[in-house]
Structures are given as C-alpha cells and as structure tokens.
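What follows is one structure encoded as structure tokens, with my remarks underneath.
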Amino acid sequence: MKNSKYIKGTVCEIAEDTYSRKFGSNVKRFEILHYTNDNKKATIIGDLTNLVSLPQNTIDCFILTQTLNFIYDFRLAIKGVHYMLKNEGVVLATVVGISQISRYDMDRWGDYYRFTDLSIKKAFQEVFGEGNVEVEIYGNVLATTAFLQGIAAEELTKEELFYKDKDYQIIITIKEMIYFLC
C-alpha cells in the first residue's frame, strides 16, 4: 500500500481493524470506532459528528474507508476525525464517486452522497487547511461500466482497470496531515 508508512502508532478504523493490521508497522495500539456498542471489537463507541463522544488528540493515523458517503453531516464527521488526531497525525480516507446505492447502508443509517475530487478536497481543506490535503482518483469509463454491471475486476486487465480518467471517478482517496504550530 502506497501510504503504509503512515499506519503506525495508535491507529483507528471504523468497525474493524483490517487495514491497520494488514498494512501497519510499528502500531502500538489498534482502535476500532463504532457508532453503537453492538460491535464487540469496538474499542471506542462514538459518533464522528458528536465531538463529546470522541477522544481528543489520541490517534496517529485514522483510516477512514468508504464511510463519509453514509454520514449525513459529513463535514462535521471530518471535524470529528480532526479532533481525534494527534499533532502530525494523518488521515487516510476513501469515498465513493460513481456507484449504485448501497441498500444495506441505506436501510440502516442512510446512503447520502457521491463525491468528486473537487468536492471532497474542499470539504477536507475547510478543516485541515489548504496545502495539507492530497486527493487522487481511480476510475475510467470501462471500469465504471464493469463496476455498475457487476463484472469482476479480475475480468479486466491491469491497464484497463487502472487507467485514470478524471471524468469517471469511482473511488477518491484523500490523505491529509495535521500540523499544530506551537
């Protein structure tokens, strides 16, 4: 993984710790944030949109994959991530660009947004500041068509799958660092 060097110290993920265990090195503590206490693996029960429910300044790396699409007040959730990060902490996030509705999520808590690289970058810059946010897109018309038709990624060549067309953004990645000036 391209950003695995950032997955160290105290690492937090939503609902599970799959990526931090797979790609992390020098991880001192694995934290799992979950909205309710029905997740037995959760070490933090909290709501990214409710700062009072979150620990402040405790996370070195926050891995936030495919979550913001399902939070109505996603801007406040970004502030929640910022609130949890330590000085020099980093968030590694992904959001959906082009996708069908996730019926599982829609029926449980909602499926609200599809983002573009511009919209998510501006939203993160509002909290983390300009110059601290890196955004990258993945997708193209063939990969989008295959995805929407349920064609497996293995049925495409790497060249077909990884060709990037900024007009067909399936997945958008975000990386930002938090720096406090003392």
* To do: Kindly indicate which of Tyr72, Tyr6 is surrounded by fewer than 17 Cβ atoms within 10 Å (Cβ to Cβ), among the aromatic types (Phe, Trp, Tyr) and under 26 Å from Gln169 (Cα atoms).
  => Tyr72
* To do: Under 8 Å between Cβ atoms, at least 6 apart or on separate chains: pull out the pairs that start in the stretch 1-24 with a residue that is closer than 17 Å to Asn87 by Cβ and touching a residue at least 24 places away in the same chain (Cβ under 8 Å) and end on any residue that is among the small types (Gly, Ala, Ser) and exposed (fewer than 14 other Cβ atoms within 10 Å of the Cβ).
  => Lys8/Ser25
* Identify all residues within the stretch 147-165 that are free of Cβ contacts under 8 Å to residues at least 12 places away in the same chain and of a type outside the set (Ser, Thr, Tyr); write none if there are none. => Gln149, Gly150, Ile151, Ala152, Ala153, Glu154, Glu155, Lys158, Glu159
* Single residue of the stretch 51-69 satisfying the filter (in contact with a helix residue (DSSP H, G or I) (Cβ under 6 Å, 6 or more places away or on another chain) and assigned to a helix (DSSP H, G or I)) that is nearest to Tyr113 (Cα to Cα) -> Leu68
* Tell me, please, whether a residue that is of a type outside the set (Ser, Thr, Tyr), farther than 30 Å from Thr116 by Cβ, touching a helix residue (DSSP H, G or I) at 6+ places or on another chain (Cβ under 7 Å) and not in a loop (DSSP other than H, G, I, E, B) can be found in the stretch 39-47. => no
* Asked: Do we find that Thr36 is of a type in the set (Ser, Thr, Tyr), surrounded by fewer than 18 Cβ atoms within 10 Å (Cβ to Cβ), closer than 28 Å to Phe115 by Cα and at pLDDT below 95 in this structure?
  -> yes
* Structure fact -> Flagged in the stretch 9-33 as assigned to a loop (DSSP other than H, G, I, E, B), of a type in the set (S, T, N, Q) and surrounded by 13 or more Cβ atoms within 10 Å (Cβ to Cβ), in numbering order, are none
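The values are calculated or read from the model by the stated rules, or taken from the named source; none is laboratory data. This one's a predicted model, so the numbers in the text were calculated from it and none came from an experiment. Because the Cβ atoms are built from the backbone with ideal geometry, glycine has one as well, and the counts that use them run over all protein chains shown.
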